[in-house]
Amino acid sequence: MRALIQLSLLAILHTQADFANAQDTTFMAKGNPIITHKYTADPAGLVVGEKLYVYAGHDEAPKSKHFYEMHEWLVFSTTDLKTWTEHPVPLSTKDFSWSKGDAWASQVIERDGKFYWYVATEHKDGGKAIGVAVADRPEGPFKDALGKALITNEMTRATAISWDDIDPSVIIDDDGQAYLFWGNTACYYAKLANNMTELAGDIQVINIPKFTEAPWIHKHKGWYYLSYATEFPEKIAYAMSRSIHGPWEFKGVINEIAGNSNTNHQSIVTFKGKDLFIYHNGAINTDGGSYRRSVCIDELKYNKDGSIKRVVMTSEGINSH
Ligand code: FUB
């Protein structure tokens with residue numbers, strides 16, 4: 001009888017596990033771009049245990065359209081950088097009642113077992129805004145954590161443009177304090193409260209040269225790194241500091257213009273001992289380009305003094321390094 005109950009329990013658990021993964025699909029990366037069955041942009045890496053998650057926007061612009069068309073964000077995971085799993089669409093602009101559309105750049109970060117997804121999207125009241133969604137698992141499902149935007153256009157005044165509140169990047173420092181960085185033309189940062197859904201201080205403007213957009217904040221061996229897209233078409237440059245509050249020392253370009261894409265929006269993470277530079281280009285033949293982009297991964301290397309070597313973008317990808 002006990003064996004029968006155990007068997008039935010196992011069957012139920014198995015069915016639940018199958019159901020949870022019912023819509024996952026698996027594919028092999030064959031060099032760069034790593035994802036070729038759909039266009040993906042603005043990648044953000046997150047390491048959770050043995051897995052690397054890559055969150056990305058979904059480029060859906062038809063060939064005739066010369067601007068972004070993005071309605072949802074996607075998530076992919078891998079344990080070995082070769083075999084990838086695509087999880088069911090975890091978040092769309094429709095999940096934010098206050099959004100008018102545009103699933104622009106984003107980043108996910110973990111705090112106390114919850115996953116917070118900071119996204120840029122168009123606000124119904126006008127201007128780009130930053131929202132935050134939350135989930136219990138890195139692959140979602142995610143739901144709007146606030147029911148309103150965390151950052152709106154009225155909150156930032158360093159430029160007159162309506163799209164300066166985009167491209168969120170988040171870090172939790174070693175002392176537990178979280179910070180949100182973002183911007184276009186002006187680069188902003190602010191402390192986040194422990195609940196990750198409120199600001200805990202004033203919005204500050206960062207003084208770095210030729211900042212276009214796409215700030216990514218990370219820490220490595222006691223240095224803070226602020227990488228960002230510079231000029232247009234964009235290269236990726238970076239600055240270093242011993243303090244998250246700066247001053248930031250400009251260190252130069254780390255990635256050149258990515259072929260036929262005028263943006264290449266980077267993310268920098270360490271996964272299983274390798275430092276990864278995750279970015280996008282327009283390399284999918286024949287329609288890839290600035291509005292039909294594709295996520296790529298190459299290796300990032302530090303010099304002994306902590307500075308970063310120029311990234312070598314490859315077609316072969318990370319497994320050839
Ligand atoms: O994907 C839309 C915009 O393109 C992002 O917000 C920028 O970083 C650029 O990659």
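Worth a mention:
- Residues being within 16 Å of the ligand (Cβ to nearest atom) and within 14 Å of Leu74 (Cβ to Cβ) - total across segment 94-106: 4
- Some residue of segment 83-94 being in contact with a Leu (Cβ under 8 Å, 6 or more places away or on another chain) and not in a loop (DSSP other than H, G, I, E, B): yes
- Hits in segment 211-223 (condition: away from the ligand (no atom under 13 Å from the Cβ), open to solvent by 10 Å² or more (accessible area, probe 1.4 Å) and assigned to a strand (DSSP E or B)): His218, Lys219, His220, Trp223
- Taken over segment 32-82, the criterion of being more than 16 Å from the ligand (Cβ to nearest atom), part of a strand (DSSP E or B) and more than 15 Å from the chain's Cα centre (by Cα) is satisfied by Lys51, Thr78.
- Scope segment 200-210; condition open to solvent by less than 50 Å² (accessible area, probe 1.4 Å) and either in a strand (DSSP E or B) or within 15 Å of the ligand (Cβ to nearest atom) (or both); matching residues: Ile206
- Number of the condition not met by Pro90 [criteria: (1) under 22 Å from Val269 (Cβ atoms); (2) open to solvent by less than 70 Å² (accessible area, probe 1.4 Å); (3) more than 16 Å from the ligand (Cβ to nearest atom); (4) modelled with pLDDT of 95 or more]: (4)
Residue-by-condition table, conditions (1) free of Cβ contacts under 8 Å to residues at least 60 places away in the same chain; (2) away from the ligand (no atom under 16 Å from the Cβ); (3) surrounded by 15 or more Cβ atoms within 10 Å (Cβ to Cβ):
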site: Met240; (1), (2), (3): no, yes, yes
site: Ile244; (1), (2), (3): no, yes, yes
site: Val253; (1), (2), (3): yes, yes, yes
site: Glu256; (1), (2), (3): yes, no, yes
site: His265; (1), (2), (3): no, no, yes
site: Val269; (1), (2), (3): no, yes, yes
site: Gly288; (1), (2), (3): no, no, yes
site: Val295; (1), (2), (3): no, no, yes
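The values are calculated or read from the model by the stated rules, or taken from the named source; none is laboratory data. Just so it is clear, the model here is predicted, and its values are computed rather than measured. Note: ideal-geometry Cβ built from the backbone for every residue, glycine included; neighbour counts use all protein chains shown. Accessible surface areas use protein heavy atoms only, side chains included; no ligands, DNA or RNA. Shrake-Rupley method; radii C 1.70, N 1.55, O 1.52, S 1.80 Å.
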